[in-house]
Amino acid sequence: MSDLTPQSDAPTPTTDKITQAARETIYLCNFRVSVDGEWLCLRELNDISLTPDPEPAHEDPKDPIAIERLNLMNMAKLSIKGLIESALNLGRTLDSDYAPLQQFFVVMEHCLKHGLKTKKTFLGQNKSFWGPLELVEKLTPEAGEITASVKDLPGLKTPIGRGRAWLRLALMQKKLSDYMKTLINRKDLLSEFYETNALMMEEEGAVIAGLLVGLNVIDANLCMKGEDLDSQVGVIDFSMYLKDGSHSSKSAEGDGQITAILDQKNYVEELNRHLSASVNNLQAKVDALEKSNTKLTEEDVEKELEVQIGMKQEMELSMKMLEKDICEKQDALVALRQQLDDLKTLNQELSHKSQSSDTLIQQKSEIIKRLEDQASRMTTALKQLEQRLRQSERERQSAEEANRLFKKEFGDKIESLQTEVEQLRKIRLHLEAELKREKERKTCNHNETPPTSNKGYKQQVDDIRRV
């Protein structure tokens with residue numbers, strides 16, 4: 001029971017894709033997956049009465065989309081629980097070959113694909129969960145490193161391969177739960193990629209995002225170089241989750257459990273038969289598509305040949321124009337070389353001038369330094385002169401004040417003395433005039449009369465001198 005569908009001996013890439021599409025219907029509405037402790041219950045809906053206990057009360061228990069969401073949620077619970085328990089028991093870092101880890105990625109891929117809007121392309125319909133995962137980079141900037149790493153990985157050519165690589169990197173970073181919660185909280189952005197009843201748009205998506213928190217306790221080291229993520233087939237291996245009946249044979253309910261397991265085995269085998277028939281039908285459709293594709297390929301080849309001829313002619317014309325442009329650029333290159341030589345000569349002249357300027361600047365700097373020293377000394381002398389000037393001014397003011405006081409004190413005496421001096425001057429002039437006349441009179445009477453005594457005149461002069 002490791003695989004639910006038969007494999008062909010020599011599958012082609014197209015057959016693999018069809019087989020993958022058929023296998024992905026394992027959780028559709030004809031069967032219901034439920035979890036009872038560590039049990040996986042897989043039963044056909046037509047043979048059982050659905051109980052509302054594991055399902056939301058507001059949903060129709062026969063709604064196929066709701067059943068798909070419930071099945072995926074239960075498978076995610078089992079996968080995450082089994083991965084955590086087995087990883088803890090293993091006690092080492094997980095690698096890419098670890099089977100429970102591979103099954104976890106398959107289940108997560110199915111969850112992310114549920115309810116994706118179909119995009120029509122030339123080769124058919126395409127569903128990829130890479131588009132929603134790219135939104136995480138816009139909502140959480142730290143996720144940009146993962147997105148950039150995925151885009152830089154060599155060998156990834158399809159969106160589904162990039163999405164698988166993104167899941168592995170997010171798990172190694174231990175941020176898968178945070179990124180999924182961030183994405184689920186923005187249903188306004190998810191509506192561009194998912195239908196309204198998709199798992200990521202309903203409560204089951206939030207439950208799975210919460211369950212992913214437990215994966216932070218495990219360490220994974222996954223090498224994606226050389227791993228073909230583009231063409232892997234995501235098949236859920238139910239045998240990993242179906243408990244062996246021999247472990248419960250000790251209890252009284254062992255027989256009933258074995259019977260349930262056998263029923264499950266019968267249902268799975270029946271489902272395999274249905275899927276085999278579906279694969280055969282799809283293979284017939286593929287053959288028809290391959291024939292029509294051959295015709296389309298021939299027509300495309302003719303069109304491509306015409307396009308190539310036109311491109312060749314355009315290339316020849318472009319080559320001619322390019323040769324002409326090369327000639328013009330060569331002439332321009334010669335002119336530029338001449339200009340370069342002129343610039344080198346000018347640069348040398350400028351270098352000599354620069355050296356002369358440096359010498360002149362150095363001399364001027366020395367002169368400026370000496371002038372600054374002289375200016376400093378002159379400033380010091382000016383300060384001393386200013387001090388002397390202030391001192392002289394103070395002394396002048398003191399002298400003026402003393403002169404004012406002196407004039408005020410001796411002004412009247414000076415005026416009286418000046419008056420007396422003026423009177424004495426007049427007396428002196430009068431006396432000089434009399435003395436002159438007396439000398440003349442003496443000269444005239446020298447021989448006639450004896451000299452008279454000048455006692456009275458001399459007495460007057462002495463009196464005046466004393467005064």
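Here are the numbers for the structure shown:
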quantity: Cβ crowding within 10 Å averaged over residues, with 96-106, 426-436, 399-409 ranked highest first; calculated: 96-106, 426-436, 399-409
quantity: Two-site label geometry, Asp300 and Glu401: point separation in nm, points 7 Å out along Cα→Cβ; calculated: 11.8 nm
quantity: Too-long pairs where the Cα-Cα distance tops 23 Å, listed order kept, from Lys117/Lys303; Lys151/Lys312; Lys138/Lys187; Lys344/Lys364; Lys138/Lys181; calculated: Lys117/Lys303; Lys151/Lys312; Lys344/Lys364
quantity: Among 311-317, 129-135, the order from most to least packed when residues are scored by Cβ within 10 Å on average; calculated: 129-135, 311-317
quantity: Net +/- balance of residues flanking Ser376 in space, Cβ distance below 15 Å, scoring K and R +1, D and E -1; calculated: +2
quantity: Per-pair calculated FRET efficiency, R0 = 41 Å: Ser392 and Leu431 via Cβ, rounded to 0.05; calculated: 0.30
quantity: Integer Hz, Karplus 6.51/-1.76/1.60 couplings in order for region 134-145, x for Gly and Pro; calculated: 5, 5, 4, 4, 6, 7, 10, x, 5, 7, x, 5
quantity: Amide H contacts under 5 Å for Tyr194, placed H, 5+ residues apart; calculated: Lys117
quantity: Cut-off 20 Å, label 7 Å out along Cα→Cβ of Lys408, residues of region 358-400 by amide N; calculated: 394-400
quantity: Relative pair counts by distance (%), Cα atoms of region 172-218, 10 Å bins; calculated: 29, 49, 20, 2
quantity: Rotationally averaged projected area of region 91-235 (alpha carbon convex hull; nm²); calculated: 8.8 nm²
quantity: Ordering of 345-352, 109-116, 191-198, 179-186 by packing [mean C-beta count within 10 Å, highest first]; calculated: 109-116, 179-186, 191-198, 345-352
quantity: 5 angstrom amide H check on Leu94, placed H, neighbours 5+ away; calculated: Asp219, Ala220, Asn221
quantity: Kirkwood Rh (inverse of mean 1/r, distinct Cα pairs), region 140-201, angstrom; calculated: 12.7 Å
quantity: Nearest-20 debye value, region 82-180 charge dipole, Cβ charges on Lys, Arg, Asp, Glu; calculated: 520 debye
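Where a number appears in this text, it was derived from the coordinates with a stated rule and is not lab data. Here the structure is a predicted model, which is why all the values come from computation and not from measurement. Neighbour counts run over all protein chains shown; Cβ positions are idealised from the backbone, glycine included.
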